[in-house]
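First comes the structure, then the notes that go with it.
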């Protein structure tokens, strides 16, 4: 009888000792987990690492609780600590999953932006071409610019995920960088469209001048062949013709 009492006492002391040890270990992990969740400079993979550290002590604490009387002070304290630890572990798991979602969305967004940039890079590197080709390229650029708006939905998803990962600075920084890349691409499209519109306008002026020059030369040729033209009249007509030639040449030179 006495021997059994002594044995029971040793078991109770061991359970109490193990309970205290697990409470201390779990409380340390709870503190570490909370610090990780509140760390703006955290490396995102630490969410999973810290979450995994809870697994073993939680398993041992759960087993120990099954052997303890529920109304015992040590059991009550350990159970409360286990509940707090599980809450932090779940929060870490949630953040780890959010980060994986964020990475997938970020990579997808980057791929989509690269696709949207293709017309800009291809058309921007083209050399001299006909007016018809320029007009066709302008249509392609305007269509591509409109399609850039599709990225707004992608940006909204990234923004939402970064806010759920608050205060993680890495996520916020990635969203800012992506937003800048999209804005720069938009501006590059607008600049190229404006440049090509100006070139098309100059080309039209050049063509009109060339047509006018042809008419003037034809008129001058007719005058010389059908009428008697004195020196002053000839010089005036020649001066007018030279003016058209000069203006046309100036426009042509400005395009080179």
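Values quoted throughout were computed directly from the atomic coordinates according to the rules given, and no laboratory measurement underlies them. All values reported here derive from a predicted model rather than from experimental measurement. Here the Cβ is made from the backbone with ideal geometry for all residues, glycine too, and neighbour counts use every protein chain on show.
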- prompt: What length, rounded to one decimal in nm, is gained on full extension from residue 28 through to residue 205, with 0.36 nm per residue of separation minus their alpha-carbon distance?
  reply: 55.9 nm
query: On full extension of the chain, what length is gained from residue 59 through residue 132, given 0.36 nm per residue of separation minus the C-alpha to C-alpha distance?
result: 18.9 nm
- line: Put in order of increasing Cβ neighbours within 10 Å, starting from the fewest, 86, 143, 116 give 143, 86, 116
- prompt: In nanometres, what is the gap between the two model label sites at residue 91 and residue 76, each 7 Å from Cα along Cα-to-Cβ?
  reply: 2.5
- request: Treat the count of other C-beta atoms within 10 Å as a stand-in for reagent exposure and order 15, 60 from fewest to most.
  value: 60, 15
field: Fully extended contour minus Cα-Cα distance, from residue 115 to residue 212, at 0.36 nm per residue
entry: 30.5 nm
